[in-house]
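Encoded as structure tokens, the structure appears first; notes follow it.
A short reminder: the numbers here are calculations on the coordinates, not readings from a lab. Since the structure is predicted, the reported quantities are computational estimates derived from the model, not experimental observations. Neighbour counts run over all protein chains shown; Cβ positions are idealised from the backbone, glycine included.
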Amino acid sequence: MPDNSVKQLMKVGFQWQSHLLLWYVVAAVVLVIDQLTKTWIISEFYLGQREVISSFFNLVSVRNYGAAFSFLSDAGGWQRWFFTILSSVISVIIFVWIGRLGKSNALESLALALILGGALGNLYDRVMLGYVVDFLDFHWSGTHFPAFNVADAGISTGAMLLILDMFISPKDSQR
């Protein structure tokens, strides 16, 4: 009988790992789409170029040396390394967090995977370029929302899903 119990454990372990793989693949897809779109913008647009797509949306080529909404973008350069270290630490924490979640935490896992993919996308930009490439420009009645990218969209969507998960998931002492 010990052989059956080992086989059972291996089967459960494989299912658990393949379930985790899904969330890491989601993060990787966000990262890849983010980098492909940024590469396209860099190759097709000059810095500052704006292409009107609709009455409320433009493609632009801008550099963000700071964080969200260009926070600290003119801080003198130290912010690049601060945000690089912060993004690295947060990415490791989220990677481990996803690994500790069970199958019943699908919404939380998806949210974290989106955040992880986005964090890695912007981290790559900071390390390789020294700034984050932003290109999605939404506007209404002459007011522009700060330009952002696919990574930012992943992070924002993931954050909203985490908040939603807090309201709809059962509360227990094991979480």
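Taking the average, over residues, of other Cβ atoms within 10 Å as the packing measure, peptides 111-122, 87-98, 139-150 rank 111-122, 87-98, 139-150 from highest down.
In order along the range 108-114, phi translates into HN-Hα couplings of 5, 5, 4, 4, 5, 5, 5 Hz, rounded to whole numbers, per the Karplus curve 6.51 cos²θ - 1.76 cosθ + 1.60 with θ = phi - 60° and x for Gly and Pro.
Phi-derived couplings, Karplus 6.51 cos²θ - 1.76 cosθ + 1.60 at θ = phi - 60°, listed residue by residue for the range 135-145: 8, 8, 10, 9, 8, 8, 6, x, 9, 9, 6 Hz, with x used for Gly and Pro. Working note: Karplus 6.51/-1.76/1.60 with θ = phi - 60° gives the range 161-169 the couplings 5, 4, 5, 4, 4, 4, 8, 9, 7 Hz, where Gly and Pro are set to x. Taking amide H positions as modeled 1.01 Å from N, with prolines and chain starts lacking one, the residues under 5 Å from residue 135 and 5 or more places away or on another chain are 148, 149.
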